[in-house]
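Below is one structure, written out as structure tokens; comments come after it.
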Amino acid sequence: MFLLSVTPNGDRMAGILENSLPPLGYSVQARHSGSGSSVRDAIEEAFVSYDAIVLFMAIGGAVRYISRYTVDKLSDPAVVCVDDSGRFAVPVLSGHSASANELAEDIAGILNATPVITTATDSLGRESIEGIAERLLCSIPDRESIIRANAEIVRGRRVAVRNPSGLRRKRVAAYSGKVAGDSIELVISKERPETGHWLLPYRISIGLGYTRGATVADVEDAIRAFLEEHDLGVEDIDVVTSAKEDSVAEEASKSLGIRFERIGMERVKEFDASRLSSTSHMAQEALGIPGMSEPCALLALGPTSRILFPKESFHSKVTVAAAFAHRPSGHGKVYFIGVGPSGPEYLTEAARVAIARSDVVAGYSTPLSVVKPLLRNKYVITVRWKEQATSISEVKRLFREGHKISFLFTGDSCFSEGELISRFLDEVDRYEVIPGISSVQVASAKSMFPLEVCSVISFHVTGPLNQRKESLRSVLEKGGCALVLPRPYDFMPREVSRYLVESGIPPDLPVRIMENLTRGDERITDCTIGSVPDRQYSDLCIMALGRSPLPLDYILSGSGQEQPADVKNK
């Protein structure tokens, strides 16, 4: 949880919560007024890193700050707003799905404030379908089902749970009952039911660590106690795992009738410690690993897993932790998404929604940076040029496993990315291409090169460039103009200009070189192809070659932007 205060009184209340929330099971970090980062930057980082955010400010200000980052009720973090006088704690976002209502009540109890709960089911003292699903450790694959089910609950219909899966029996007891005509039916099932509202049970793993002297009975007793504490049965656990090389954990799992999987110690050593609830100094010093039980639990379920119940120690001999992962609800799907030219304000709503509904997001570092606030709880694959084939293989594997994957491109996924997309299609048969605003469109506006009259030539291809080079030379030789995407890093602006001059194009031909369009470090250079500065250029680069076909008076009466080189020189 992240606490953000902007006034001295907010700092005081945040300090109280820093001390009072951890005993209630919350992990807390605070950013007080006067800290180095801006409020907007702090909130952006919080949306990536935390499941809950508490803002000590007016609700209007909070809404303006968070509005650009909110996308989907099942993926947004909980956001609670506390006024500067500490009178009210108001859930602003994800009251049900991320338990903001419950958090607001806990905060109000500590600060002696009033929790302002506005969700309809809670206002009537009834539990929402999201709350029920969370208690039953299930996901809700059909988002439309949430609206319909909650509307029926608000109208007073009783909830009854049908459980053909046989899972969560201890937790479902509170909702058991015969399904009657006045009931709303929730169905816990691994397969989509023909009737009722579908609850899909999580996959759950248990990770184990134990001392050298621990026996099979010690480990078995610890697992039983852990399950009892969390109202789970052995049937709810998909796998038990450990990196210990002896047979103790395996024999205990076999005795309980749960599948066992041994995790290699090297995988634990390489594990990303930021995914853990805490690290173990003892394990780090003795074995060079960040922990045992939590890394093993997470590794057993793959890259999209998260901690369900943090590690617990039993009799100072055994540590037990549980992780979960959403069970795929159907076939995999890949979204090929253009995120715009780099400025986050150019990201389309269609792109935001697709990313929010994916559990895996892949792409080069630049498009990933554009959508950073949307990456919370996502498995992120950072693609690198020299390792592109490896990343493509990983995406294909996750697709086969049933995951929803967003593969991101800078600009427009429909422009200059066809070659890369085609490398997926031998295996990926369920996909959607979501177009974005292309940097070519921005370059067209900034250079006054209308797309309907100028040529657009991309060198973003592998292999020989001869044919495209010749096309560019031919266009310019005939007096035309072109928007050109150079190829990183062997055919950049200097190489493009040198080729054109050597091919007979006059060296005084104007060129506008546009780098990092719409970003804070945007740079525009106006020169001729014979005088292109000898420096390093960004890989996010577009060249406008030739003279604008628009009339001079049209350009001079335009948007007031910096004028193209040919206008300046006249």
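The values are calculated or read from the model by the stated rules, or taken from the named source; none is laboratory data. This structure is a prediction, so every number in the text was calculated from the model and none was measured. A quick note on method: Cβ atoms are made from the backbone with ideal geometry, for glycine too, and the neighbour counts reach across all protein chains shown. These accessible areas exclude ligands, DNA and RNA; they are computed on the full protein's heavy atoms, side chains included. Shrake-Rupley method; radii C 1.70, N 1.55, O 1.52, S 1.80 Å.
Only one of (1) open to solvent by 40 Å² or more (accessible area, probe 1.4 Å); (2) free of Cβ contacts under 8 Å to residues at least 24 places away in the same chain; (3) more than 27 Å from the chain's Cα centre (by Cα) is not met by R224, so which one is it?
Failing condition for R224: (2).
How many residues, within region 391-410, are under 18 Å from the mean Cα position of the chain (by Cα) and of a type in the set (D, E, K, R)?
Residues in region 391-410 being under 18 Å from the mean Cα position of the chain (by Cα) and of a type in the set (D, E, K, R): 2 in total.
How many of the residues in region 471-489 are open to solvent by 80 Å² or more (accessible area, probe 1.4 Å) and farther than 21 Å from F415 by Cβ? Can you show your working first?
From region 471-489, those open to solvent by 80 Å² or more (accessible area, probe 1.4 Å) are 477-478, 489; that's our starting set.
When the remaining residues are screened for being farther than 21 Å from F415 by Cβ, the result is 477-478.
Qualifying residue count for the region: 2.
Of the numbered conditions (1) of a type in the set (S, T, N, Q); (2) touching a Ser or Thr at 6+ places or on another chain (Cβ under 9 Å); (3) open to solvent by 10 Å² or more (accessible area, probe 1.4 Å), N466 fails exactly one; give the number of that condition.
For N466, the exception is condition (2).
Do we have any residue at all in region 292-306 that's closer than 15 Å to Y202 by Cα and open to solvent by 40 Å² or more (accessible area, probe 1.4 Å)? Let's see the steps before the verdict.
To start, the set of residues in region 292-306 that are closer than 15 Å to Y202 by Cα comprises 297-298, 300-306.
Among the residues that remain, those that are also open to solvent by 40 Å² or more (accessible area, probe 1.4 Å) are: 306.
There is at least one residue in region 292-306 that is closer than 15 Å to Y202 by Cα and open to solvent by 40 Å² or more (accessible area, probe 1.4 Å).
Suppose the filter is farther than 24 Å from K404 by Cβ, open to solvent by 10 Å² or more (accessible area, probe 1.4 Å), over 32 Å from the mean Cα position of the chain (by Cα) and modelled with pLDDT of 95 or more; does V216 pass it? Show your work before the answer.
Details: farther than 24 Å from K404 by Cβ: yes; open to solvent by 10 Å² or more (accessible area, probe 1.4 Å): yes; over 32 Å from the mean Cα position of the chain (by Cα): yes; modelled with pLDDT of 95 or more: yes.
For V216, the condition - farther than 24 Å from K404 by Cβ, open to solvent by 10 Å² or more (accessible area, probe 1.4 Å), over 32 Å from the mean Cα position of the chain (by Cα) and modelled with pLDDT of 95 or more - is met.
Where in region 1-88 are there strands (runs of 3 or more DSSP E), lying fully within it, with 1 or more residues that are open to solvent by 60 Å² or more (accessible area, probe 1.4 Å) and farther than 23 Å from L347 by Cα? Lay out the reasoning, then the answer.
Values: elements: 2-5, 29-31, 52-56, 78-82.
In region 1-88, 29-31 are the strands (runs of 3 or more DSSP E) which contain 1 or more residues that are open to solvent by 60 Å² or more (accessible area, probe 1.4 Å) and farther than 23 Å from L347 by Cα.
Filter region 264-279 down to the residues that are without any contact (Cβ under 8 Å) to a residue 40 or more places away in the chain and in contact with a Ser or Thr (Cβ under 9 Å, 6 or more places away or on another chain), then identify the one that is most open to solvent (accessible area, probe 1.4 Å).
As a first pass, look at region 264-279 and keep what is without any contact (Cβ under 8 Å) to a residue 40 or more places away in the chain: 264-276, 278-279.
Pick out the ones that are also in contact with a Ser or Thr (Cβ under 9 Å, 6 or more places away or on another chain) and you get 273-275, 278.
Details: A273: 41, S274: 96, R275: 79, S278: 51 Å².
Among them, the one singled out is S274.
Could you tell me which of the residues S439, S447 is within 28 Å of Y346 (Cα to Cα), polar (S, T, N, Q) and more than 32 Å from the chain's Cα centre (by Cα)?
Of the residues listed, the single one that is within 28 Å of Y346 (Cα to Cα), polar (S, T, N, Q) and more than 32 Å from the chain's Cα centre (by Cα) is S447.
Please indicate, with yes or no, whether at least one residue in region 132-155 is out of contact with any Lys or Arg (no Cβ under 6 Å at 6 or more places or on another chain), among the charged types (D, E, K, R), within 23 Å of R306 (Cα to Cα) and open to solvent by less than 40 Å² (accessible area, probe 1.4 Å).
Within region 132-155, none of the residues are out of contact with any Lys or Arg (no Cβ under 6 Å at 6 or more places or on another chain), among the charged types (D, E, K, R), within 23 Å of R306 (Cα to Cα) and open to solvent by less than 40 Å² (accessible area, probe 1.4 Å).
With the requirement that a residue be more than 28 Å from L136 (Cβ to Cβ) and open to solvent by 30 Å² or more (accessible area, probe 1.4 Å), what does region 227-253 give you?
Filtering region 227-253 for residues more than 28 Å from L136 (Cβ to Cβ) gives 243-248, 250-251.
Scanning region 227-253 gives K244, E245, D246, S247, E250, E251.
Within region 292-311, take every residue that is of a type in the set (G, A, S) and assigned to a loop (DSSP other than H, G, I, E, B) and give me the one that is nearest to the chain's Cα centre (by Cα).
Looking only at region 292-311, we keep the residues that are of a type in the set (G, A, S), and these are 293, 297, 300, 302, 305.
Filter once more, keeping what is assigned to a loop (DSSP other than H, G, I, E, B): 302, 305.
Working: G302: 16, S305: 13 Å.
Here the answer is S305.
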